[in-house]
Amino acid sequence: MSRAPLRDGQESAVIDVGSNSVRLVVYRIDGRAMTPILNEKVMAGLGRDLSRTGALSKDGVEQAMRALKRFATLIEAAGVRSVFAVGTAAVRDASDGQAFAARMQAETGIALRILDGADEARLSALGVSAGVADAKGVVGDLGGASLELIEIGPKGVGRGETFPLGPLSLIEGKEFDYDDVTKRVNASLKRSSVLGKTRGNFYAVGGAWRALGRIDIALSNHPLGVLHLHEMSRSEVLKVVDVVRKQSKRSLEKLEEAAAKRADSLPYAAVVLERVMLEGQFERVFLSAFGLREGVLIERMSEAALQEDPLIATADALAGRMSRTRKFGPALEQWIAPMFEGQTLVFPEKRERVLRGAAARLADIGGPLHPDQRVEVIFDLILRAPLAAVSHAERAFLAAAIHHRYDKGPPRHATAYLRLLNEEQQIAAAGLGAALRLGADLSGRSETLLANFELRVVDGRLQLRVKKSAAHLFTETAQRRLDYAAAALGLVSETKII
């Protein structure tokens with residue numbers, strides 16, 4: 001199986017052999033976009049005996065090997081030739097870790113790259129950078145056996161360090177004791193050269209911390225269940241920790257079903273998050289669904305791919321599978337740009353441009369949907385789409401804009417629309433949707449025909465300049481679209497044949 005550099009349009013598999021689970025994810029690569037198309041996990045528990053015996057769990061090894069043989073067969077059947085397998089803390093620290101890697105290669109044909117702690121931290125941070133716009137602060141990746149911490153900022157990833165603070169390392173066969181676990185975690189984190197010295201946010205990676213995020217979503221009745229970039233303040237983290245450490249396994253299951261699967265380890269993960277937030281003096285934590293596996297792919301991407309904005313790349317990839325052409329979105333982005341000169345910003349200027357670019361690429365995504373149901377589903381489709389580097393408020397804004405591309409009225413029964421967007425953002429989304437609708441309907445979603453029209457804003461007028469040779473394309477319907485778009489942006493429409 002080749003480890004050649006990633007190519008646009010190919011499929012690539014990443015196998016993550018962790019302390020708690022063994023996972024296979026197959027991704028489709030579109031530029032910088034990595035879309036999961038197959039995702040399987042087995043809770044093998046390779047590291048469950050590590051703190052006691054110094055070796056991998058014998059039962060865990062057999063479970064893991066069965067899973068890995070299945071993964072190898074699935075990969076071969078799918079014809080995926082780009083395969084990357086990495087082993088983390090349990091395999092790295094176990095006395096028989098190298099023997100496990102040798103057996104894995106002998107029985108599956110897949111070589112296992114055993115990561116040291118610094119490299120694991122670096123790859124996790126690279127993965128976070130692929131899924132978070134302008135990340136600045138510290139990435140923390142909590143696995144079954146270890147915690148990796150690494151700085152992240154505008155210049156990329158920085159120093160990395162590892163601590164034996166995964167739940168499997170902390171449990172030690174004893175009942176959970178909050179004070180004892182807190183003391184042990186504090187003693188480890190006091191040795192950190194990253195915490196407390198880096199301003200910014202904390203980006204949490206790992207299944208246990210995502211389970212805490214689900215509990216927070218349930219407690220706060222948050223309107224969007226997407227875990228990626230779910231945000232918690234320090235006080236909200238402390239509240240979740242307090243709830244988790246006082247709950248029985250049965251109570252956790254009632255609170256959040258998925259959390260029950262991690263009921264034994266979740267209190268330990270909660271304490272680690274609490275102590276990291278306090279020691280690092282972070283005000284906010286963002287959950288990241290992107291981490292080690294995505295980092296493994298990011299380090300194999302070309303410089304050209306890495307120059308793409310991750311939100312634009314994922315919007316382009318998603319639209320490319322549902323639209324007639326991937327050329328129309330970029331053309332539409334450039335075409336509508338003059339409409340927004342001088343408009344009030346509802347997000348930072350750089351993000352507004354990126355959001356408009358993503359919306360333009362998604363403008364035709366409803367095309368394959370039945371007209372009778374399109375308006376009913378398009379908001380939720382975009383709200384929960386596999387997009388990278390987009391906050392929950394930005395998701396709601398994009399979803400609202402694409403909804404308004406097809407419908408003038410606000411999304412119906414959409415709690416996320418009302419709770420995640422303020423009134424100014426709702427109005428701006430309607431204006432963007434009207435602009436998308438004008439360009440798409442005027443040109444029949446053809447970048448070639450769109451070039452026959454030009455927009456200018458002149459003295460409060462939205463002026464549409466139409467080439468004489470294409471005047472027959474400007475119909476009464478097009479005039480209504482122009483009038484509506486102008487009004488949505490606080491302008492008066494005007495048409496000129498040139």
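The values are calculated or read from the model by the stated rules, or taken from the named source; none is laboratory data. Keep in mind the model is a prediction, meaning the values are calculated, not measured. When we count neighbours, we look across all protein chains shown, and the Cβ atoms used for this are built from the backbone with ideal geometry, even at glycine. Side chains included, ligands, DNA and RNA excluded: accessible areas come from the protein's heavy atoms. Shrake-Rupley method; radii C 1.70, N 1.55, O 1.52, S 1.80 Å.
Worth a mention:
- For the chain: relative contact order, % (alpha-carbon pairs under 8 angstrom, 6 or more apart): 12
- Computed magnitude of the charge dipole of the stretch 394-495 (debye, nearest 20; Cβ of K, R +1, Cβ of D, E -1): 220
- Size estimate for the stretch 203-326 follows the Kirkwood approach: the inverse of mean 1/r over distinct Cα pairs works out to 16.3 Å.
- Using only side-chain charges placed at the Cβ, +1 for Lys and Arg and -1 for Asp and Glu, the dipole size of the stretch 180-330 relative to its Cα centre rounds to 340 debye.
- Counting only Cα atoms, the stretch 279-349 measures 48, 34, 24 Å along its principal axes, largest extent leading.
- Straight Cα distances below 12 angstrom link residue 174 to the aspartates and glutamates 264, with same-chain residues fewer than 8 positions distant left out.
- Each Lys and Arg Cβ is given +1 and each Asp and Glu Cβ -1; about its Cα centre, the chain then shows a dipole of about 480 debye.
- Each Lys or Arg adds one and each Asp or Glu takes one away; over the other residues whose Cβ falls under 12 Å from the Cβ of residue 497, this sums to +2.
- For the stretch 344-406 and the stretch 292-331, distance of Cα centres in Å: 16
- Looking at the chain, the accessible area is 43 square angstrom per residue; that uses a 1.4 Å probe and ignores ligands, DNA and RNA.
- Per atom type, the stretch 77-207 shows carbon and sulfur on 48% of its accessible surface, probed at 1.4 Å.
- Within the accessible area of the stretch 303-390 (1.4 Å probe), percent carbon and sulfur: 51
- Sorting the segments 96-104, 272-280 by their residues' average number of neighbouring beta-carbon atoms within 10 angstrom, most packed first, yields 272-280, 96-104.
- Relative contact order %, the stretch 10-100, counting alpha carbon pairs below 8 Å whose residues are six or more apart: 34
- Label point at residue 264 placed 7 Å out along Cα→Cβ; residues across the stretch 56-88 whose backbone nitrogen lies under 20 Å: 56-67
- Difference of contour (0.36 nm per residue) and Cα-Cα distance, residue 418 to residue 96: 110.5 nm
- Nearest-ten-degree value, helix 234-246 long axis tilted from longest Cα axis of the chain: 40
- Look at the dipole of the stretch 1-131 built from charges on Cβ: of 45, 18, 35, the Cα furthest out on the positive end belongs to 35.
- Taking amide hydrogens as placed 1.01 Å from N in the peptide plane, the amide H of residue 461 sits under 5 Å from those of 492, each at least 5 positions away in sequence or on another chain.
- Counting 0.36 nm for each residue step from residue 40 to residue 62 and taking away their Cα separation leaves a gain of 6.2 nm.
- Shape analysis of the stretch 67-207 based on the Cα gyration tensor places the equivalent ellipsoid semi-axes at 30, 22, 12 Å, largest first.
- Reachable lysines, given that their alpha-carbon falls under 28 Å from the alpha-carbon of residue 327 and they are not under 8 places away in the same chain: 350, 408, 467, 468, 496
- Dipole axis of the stretch 74-173 (+1 Lys, Arg; -1 Asp, Glu on Cβ), positive-most option in 106, 160, 78: 78
- Ranked by the mean number of other Cβ atoms within 10 Å of their residues, highest first, the peptides 364-372, 282-290, 440-448 fall in the order 282-290, 440-448, 364-372.
- The rule of thumb for compact globular proteins, 2.2 N^0.38 Å, goes into the C-alpha radius of gyration of the chain 1.07 times.
- Percent of Cα pairs exceeding the 21 Å cut-off, where the set is the stretch 368-498: 45
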